[in-house]
Structure formats: structure tokens, C-alpha cells
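The structure appears below as C-alpha cells.
Where a number appears in this text, it was derived from the coordinates with a stated rule and is not lab data. This is a predicted model, so every value here is computed, not measured. Here the Cβ is made from the backbone with ideal geometry for all residues, glycine too, and neighbour counts use every protein chain on show.
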Amino acid sequence: MSSKIWYLKNAKLFSWMDQAEIEDLARTAEMVSCRKKETFYFSDEPSQHVYLVKMGRIKLFRTTAEGREIILDILGPGEIFGELALAGEQTRSHSAEALEDGLVCIIPRSMFEELARRHPEFAFRIIKLIGFRFRALESRIEDLAFQTVQDRLLLTLGNLARKHGIPEENGAIRLPLTQADLAFLIGATREAVAEQLRELKQKRLLETSYRAIHLLDPEALRARKAR
């Protein structure tokens, strides 16, 4: 219970709540561990819960009629997903899956709705969050439509470095994802991504290892995108 309270209190979305409300939320919420590739929900399932990431990373994705996966977003600790349940979504528009072992807090939709009724400020925060997600998705759609594979790759690497990058002793930044993950994120084939990565490796801007990409010079990568 105490660890659940600590996680909730340190989540930006709930940081304004007083101790009594945090404890009430903690009693209602369920904290669960998850394994890599574990699915929280699939597209078209009922929208009944909202999820808070405590540890690990979660991917949100859609699958096309041809069976091709498109990654909508990758989330880390402190971020929530499934929030469209609070905007009238009755069934899920996407799927959510763990990219690695982690810890997630599951909160009933009814609890969020009660908080929104009691606290207009909380409802406003939720509206802002949903609006931000839609703007980010619109921006990604524009990138897919109008930018080259190289530009989409450079932009995505930069965004992932800021959000999920792990500093290494040699000054590089490690991104724990695969070439397939990148392909799904930027809407390109795995072969096209591999070709772009080879070019960046030849220029000593990055290295690859098992299920990871190491950005050797993030500033140079950003400069290439800016040209």
C-alpha cells in the first residue's frame, strides 16, 4: 500500500491531490507486475480502466487489416494510457503491450470519473492530456505523409533519446528498441530502416547491438535533421 501511494503521489497527474484522496485512490487501484510482451488490452475491447506506468515501457499500437503493426506511442514511468476511456470511448481504438518487464497501476474508469466530478481542475488536466496526445498523433501523421524515411528516422531517434534514452559511460545514449520497433514507429519497411542505420553507422553517429541502438553523437543527429 505504501509503495502504491508513493507512485501515485509522484505521478504528475495526481500530484495536486491531498493525502486522503491519494490513499483513497490507492485503495481502489490495483498494482500489477507485467512481463515483456504481455498485453493489457486489444483493439475493440471495452474501455473500462486507465493505466499508470510505474516501471518499464509500454507500446500503444494498431494492427492493419493486412496484419501490419503501427506503433502509435511508447510510454515510460509516470505516464498514463487508456485515458480515452474518459473521453467517451466505449471500446479500445488500439492495443497496449509491455515492451519489457514492468509495473503498472490499473485504475477503474469510474474512479477517474468521480475525481473529475469533484475536481474541475482534474477534468481540465485530463482534457489537456487527451488534446496533447491527439496533437502528437496528428504531427506523426504529417511526418509519415510528407517527410522522407531518413528524416522520419532522425526525428524519431531524437524524440526517443529525450524520452527514453539511457546515458552510457562513454557519453552515448542507449535506446532499448529494435530495428523492427523503429520501422513500426516511422511507417517504413525494416529493410529501409536497416539501410538508413547502416549509413549512420558508417558516419559514426550510432552503433547497434542486440535489441538496442546507441546514439554516439545525438547533437550531430539533430543537426542532420535540421538541414
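Brief remarks follow.
- Links that overshoot a 24 Å alpha carbon limit, given the list Lys59/Lys201; Lys128/Lys163; Lys36/Lys201; Lys59/Lys203; Lys9/Lys37; Lys54/Lys201: Lys59/Lys201; Lys36/Lys201; Lys59/Lys203; Lys9/Lys37; Lys54/Lys201
- Contact order relative to length of region 161-227, as percent, for alpha carbon pairs under 8 angstrom and 6 or more apart: 32
- Divided by 2.2 N^0.38 Å, where N counts the residues, the Cα radius of gyration of the chain comes to 1.09.
- Stokes-Einstein diffusion for region 147-226, with the hydrodynamic radius set to the Kirkwood value over Cα pairs and evaluated at 20 °C in a medium of 1.002 mPa s, equals 174 µm²/s.
- Distance from region 151-224 to region 1-79 (C-alpha centre basis), Å: 26
- Taking N as its residue count, the alpha carbon Rg of region 181-227 over 2.2 N^0.38 Å: 1.14
- For region 69-138, the fraction of alpha-carbon pairs in successive 10 Å shells from zero, as %: 16, 50, 31, 3
- Difference of contour (0.36 nm per residue) and Cα-Cα distance, Glu100 to Glu30: 23.3 nm
- A DSSP coil position with no more than 13 other Cβ atoms inside 10 Å describes the following trypsin sites (Lys or Arg not before Pro) in region 1-65: Arg35, Lys36, Lys37.
- Percent breakdown of C-alpha pair distances by 5 Å bin, ordered from the shortest bin, for region 18-63: 5, 14, 23, 23, 17, 10, 6, 2, 0
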